[in-house]
Amino acid sequence: MDDTLELEVHDLEVQVLTGIYSEETHLPQPLRISLTVLLDAPDRYAPDTPLSASKNYLDLRHAATDALAPAGHFTLIEAVADHIAETLFLQDRRVRRVKVKIVKLAIAEAGESIGITLVRHRR
């Protein structure tokens, strides 16, 4: 079995143009995005191991924030999750799996979490 490393960034609140109803499509909606990325891991992390042996957490944050804006409007939040996963796969060949959880904050009525979780594996 191969060794792996999971990097996580959770609970990013991001404004994203998403939705299917006319009242949703012209203004960004608040989404809470959490990511778990599975990477191939080296045999050992020594005290002086450079960052290049892992992945910068800011790359995960970028995929779920700044990298979304140029894509424009997403009809489904599933497409938001797919865009994030594809961004991370393109960034780094060591990424094996991306798990994206998205909660639509604007539709919660009593503090519940309503959303999706998408898991994509490198093909």
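The values are calculated or read from the model by the stated rules, or taken from the named source; none is laboratory data. Here the structure is a predicted model, which means the values were calculated and not measured. Quick reminder, even Gly has a Cβ in these numbers, built from the backbone with ideal geometry, and neighbours come from all protein chains shown. Accessible surface is based on the protein model in full, side chains and every heavy atom, while ligands, DNA and RNA are left aside. Shrake-Rupley method; radii C 1.70, N 1.55, O 1.52, S 1.80 Å.
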**Residues located in the stretch 93-112, provided they are open to solvent by 20 Å² or more (accessible area, probe 1.4 Å) and either touching a residue at least 12 places away in the same chain (Cβ under 8 Å) or aromatic (Phe, Trp, Tyr) (or both)** = Arg94, Arg96, Arg97, Lys99, Lys101, Lys104, Leu105, Ala106
**Asked** Somewhere in the stretch 60-73, is a residue without any contact (Cβ under 8 Å) to a residue 40 or more places away in the chain and more than 21 Å from His10 (Cα to Cα)?
**Response** yes
**Request:** Considering (1) closer than 21 Å to Arg123 by Cβ; (2) not in a strand (DSSP E or B), say which one Ile20 fails and leave the rest.
**Result:** (1)
**Request:** Considering each residue of the stretch 60-82, count those that are surrounded by 18 or more Cβ atoms within 10 Å (Cβ to Cβ) and assigned to a helix (DSSP H, G or I), and give that number.
**Result:** 6
**Asked** Taking into account only those residues within the stretch 24-59 that are farther than 16 Å from Thr4 by Cβ and in a strand (DSSP E or B), which is most open to solvent (accessible area, probe 1.4 Å)?
**Response** Arg32
